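See structure below.
The values are calculated or read from the model by the stated rules, or taken from the named source; none is laboratory data. What you see is a predicted model, and the numbers here were worked out from it, not measured in a lab. Cβ coordinates were reconstructed from backbone atoms using ideal geometry, including for glycine residues, and neighbour counts include every protein chain displayed. Accessible surface areas use protein heavy atoms only, side chains included; no ligands, DNA or RNA. Shrake-Rupley method; radii C 1.70, N 1.55, O 1.52, S 1.80 Å.
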Number of protein chains: 2
Amino acid sequence: MNKEIKNIAIIGTGVIGNGWIARFIAKGYNVTAFDLAEGAEERTRAMLNRVWPSLKELGISDIASQDNLSFVTTLEEAVATADYVQENVPEREELKKSVLQSIDANTNPNVIIGSSTSGIMPSTLQDGLKNPERLIVAHPFNPVYILPLVEIVGGEKTSKETIERADALLTAIAMKPLIVTKEIEGHIADRLMEALWREALHLVNDGIATTEEVDKAIIYGAGLRWAQMGPFMTFHLAGGDAGMRHMLEQFGPALKLPWTKLEAPELTDELKERVITGSEKSAGNLSVAELEEKRNEFLVKQLELVADYWPVFSNKSE
Amino acid sequence: MNKEIKNIAIIGTGVIGNGWIARFIAKGYNVTAFDLAEGAEERTRAMLNRVWPSLKELGISDIASQDNLSFVTTLEEAVATADYVQENVPEREELKKSVLQSIDANTNPNVIIGSSTSGIMPSTLQDGLKNPERLIVAHPFNPVYILPLVEIVGGEKTSKETIERADALLTAIAMKPLIVTKEIEGHIADRLMEALWREALHLVNDGIATTEEVDKAIIYGAGLRWAQMGPFMTFHLAGGDAGMRHMLEQFGPALKLPWTKLEAPELTDELKERVITGSEKSAGNLSVAELEEKRNEFLVKQLELVADYWPVFSNKSE
């Protein structure tokens with residue numbers, strides 16, 4: 001439980017807003033929600049009931065209660081007593097800016113304002129706020145109440161203190177904040193996901209694979225590894241004892257082959273060094289052999305787990 | 001255990017060749033291996049000892065024994081009694097073609113020849129074989145003895161019967177064959193992985209993120225989902241009750257935003273229909289709500305599992 005922040009305002013209760021509500025409520029915070037849509041409160045409370053067992057298994061606070069959620073009928077009311085406000089309105093720049101300006105006008109300057117935008121840069125959103133230094137992008141991933149990743153992005157005018165306080169709050173609700181130091185559209189995670197998504201669409205568009213085949217190509221292969229390691233550590237282990245250094249020597253030349261519709265960057269010595277030293281840093285004091293042993297134990301258990309919870313293709317997974 | 005195929009020849013015992021050996025031995029097959037490299041047999045037997053516990057937990061055959069592996073000193077000897085030959089020499093077209101021609105010249109026409117090539121098209125590899133109809137690409141994923149995915153790709157001259165027999169054999173060793181019906185460089189899975197990999201390299205190259213940040217952006221977010229669902233089913237669940245149909249309406253326009261270095265395809269009505277009907281087919285008779293419930297149960301258990309086997313960032317994952 002975060003020390004200074006107790007009251008949360010959630011503006012916009014779609015899939016993402018509801019995900020934030022479930023996570024904050026499970027961790028014992030008071031949440032005041034506002035959404036113009038007909039039947040919004042009913043949908044949110046139904047969702048909370050539905051996911052409560054998952055929240056409990058993940059670990060909820062002793063003081064967590066669905067009664068700590070209240071819906072109000074105006075934005076002003078919603079943010080009046082808030083220590084932290086999270087905006088989750090549809091991804092339209094002008095709409096988000098006007099909503100953020102109303103939040104800005106109706107809260108004390110020390111109240112942090114987070115936006116769930118997946119693509120708009122914080123400098124754009126904070127333009128026009130009277131207290132822009134407390135605006136951040138806090139971009140979560142669906143399902144927000146389970147996935148730990150949240151990207152924290154500050155704009156040109158965002159204060160260092162705001163980033164630190166947001167980092168502390170989001171860590172307190174069991175998230176893994178990734179502080180993005182350079183503003184770009186799509187931040188980091190969505191750029192990676194989008195690259196895979198676009199290539200998948202090309203494969204389907206070109207008649208190379210069906211959507212089911214694309215999904216199987218990920219599920220049975222790289223997907224199992226990416227749950228534990230990202231692309232760099234995965235390749236670090238593919239390089240044998242010399243790790244990424246050997247991997248880049250061996251597969252670097254293939255980088256320019258016409259695989260994917262995405263142009264590869266020039267594999268300069270500087271880029272090589274960044275990738276190699278970065279991977280070695282992530283490996284810490286673990287050798288590739290030691291990493292492989294952990295990976296294998298993990299993958300074996302995970303395959304058993306996947307077999308139990310296969311959502312699709314289940315007839316084919318026996 | 002496959003009925004007609006008992007004896008396997010593995011040509012080239014690097015990381016991939018050794019992975020094939022471990023998988024075939026664990027499933028009770030006889031394997032004859034050949035590799036020119038100094039100390040190859042010692043490395044392979046050390047690997048087998050190292051991964052045996054994982055193989056046992058995955059389930060080995062009653063007749064499985066490390067004694068069913070023998071190394072020989074010539075390719076001719078290795079393939080002499082083989083029912084199936086898997087080639088795993090370095091990814092150089094001329095080298096692979098000459099090795100495949102020697103295998104072709106020294107085996108009966110009914111022996112299936114598989115190549116582990118990750119990028120070269122089978123029509124290229126079978127060109128020059130006297131029995132090209134029995135040549136396939138059988139592209140596995142590291143670690144081969146654990147990951148179930150294998151891409152089976154036939155060339156212009158590959159017979160339907162060869163594909164069917166290879167499918168049966170690889171299914172018998174607990175793999176999930178993905179039969180790729182159109183030849184393209186990188187097949188399907190590597191095109192998807194390469195798109196993510198290239199975007200990751202761009203992010204590091206442009207100084208947007210470190211390799212550790214890229215890995216975290218995948219591990220804590222999409223990676224957890226991709227282990228259970230590919231990109232299409234993941235987005236099917238992001239679309240609410242209307243699934244992919246709603247998702248494409250809502251996020252389709254954002255497809256052209258300057259996220260990633262990869263150009264998006266035109267979202268034509270035909271492409272939309274393929275994606276929507278494909279996703280709905282994969283969902284089978286499960287509603288999005290039902291899929292969400294399975295996903296949540298899976299993700300909760302998986303987070304617990306990941307916490308136990310975190311290979312890196314472990315200090316940060318508490």
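Checking each residue in region A:200-221 for being in contact (Cβ under 8 Å) with a residue 60 or more places away in the chain and surrounded by fewer than 24 Cβ atoms within 10 Å (Cβ to Cβ) picks out only A:Glu212. Is it the case that A:Val306 is of a type outside the set (Asp, Glu) and over 21 Å from B:Gln302 (Cα atoms)? Against the criterion (of a type outside the set (Asp, Glu) and over 21 Å from B:Gln302 (Cα atoms)), A:Val306 does not qualify.
The set of residues in region A:50-79 being over 23 Å from the mean Cα position of the chain (by Cα) and not hydrophobic (A, V, I, L, M, F, W, C) consists of A:Asp62, A:Ser65, A:Gln66, A:Asp67, A:Asn68, A:Ser70, A:Thr73, A:Thr74, A:Glu76, A:Glu77. Within region B:206-217, which residues are closer than 17 Å to A:Phe235 by Cα and not basic (Lys, Arg)? B:Thr210, B:Thr211, B:Glu212, B:Glu213, B:Val214, B:Asp215, B:Ala217, listed by residue number.
Scoring A:Ser70 on the criteria (1) at pLDDT 95 or above; (2) closer than 21 Å to B:Lys294 by Cβ; (3) of a type in the set (Ser, Thr, Tyr) leaves a single failure, condition (2). Can you find even one residue in region A:37-47 that is open to solvent by less than 70 Å² (accessible area, probe 1.4 Å) and under 19 Å from the mean Cα position of the chain (by Cα)? No, because not a single residue in region A:37-47 is open to solvent by less than 70 Å² (accessible area, probe 1.4 Å) and under 19 Å from the mean Cα position of the chain (by Cα).
For B:Asn142, the test of being open to solvent by 10 Å² or more (accessible area, probe 1.4 Å), without any contact (Cβ under 8 Å) to a residue 12 or more places away in the chain and part of a loop (DSSP other than H, G, I, E, B) is failed.
Filter region A:164-199 down to the residues that are within 7 Å of chain B (Cβ to nearest Cβ), among the hydrophobic types (A, V, I, L, M, F, W, C) and surrounded by 20 or more Cβ atoms within 10 Å (Cβ to Cβ) and list them by number.
Result: A:Leu178, A:Ile188, A:Ala189, A:Leu192, A:Met193, A:Ala195, A:Leu196, A:Trp197.
Residue count for region A:145-157 under the criterion of being open to solvent by less than 10 Å² (accessible area, probe 1.4 Å), in contact (Cβ under 8 Å) with a residue 40 or more places away in the chain and in a loop (DSSP other than H, G, I, E, B): the result is 1.
Of everything in region A:119-139, what is outside any loop (DSSP other than H, G, I, E, B) and either at pLDDT below 95 or in contact with a strand residue (DSSP E or B) (Cβ under 8 Å, 6 or more places away or on another chain) (or both)? Give them in sequence order.
A:Pro122, A:Leu125, A:Gln126, A:Arg134, A:Leu135, A:Ile136, A:Val137, A:Ala138, A:His139
Here region A:283-314 is the region considered, the condition is being in a loop (DSSP other than H, G, I, E, B) and modelled with pLDDT of 75 or more, and the residue that is surrounded by the most Cβ atoms within 10 Å (Cβ to Cβ) is A:Leu286. In region B:275-293, the residues that are at the interface with chain A (Cβ under 7 Å from one of its Cβ atoms) form Cβ pairs under 7 Å with partners that are at pLDDT 80 or above and open to solvent by 50 Å² or more (accessible area, probe 1.4 Å), at six or more places apart or across chains, as follows: B:Gly278/A:Thr210. Taken over region A:99-118, the criterion of being surrounded by fewer than 24 Cβ atoms within 10 Å (Cβ to Cβ), assigned to a loop (DSSP other than H, G, I, E, B) and in contact with a Gly (Cβ under 8 Å, 6 or more places away or on another chain) is satisfied by A:Ser118 alone. Of all residues in region A:200-237, those being closer than 16 Å to A:Lys272 by Cα and at the interface with chain B (Cβ under 7 Å from one of its Cβ atoms) number 3.
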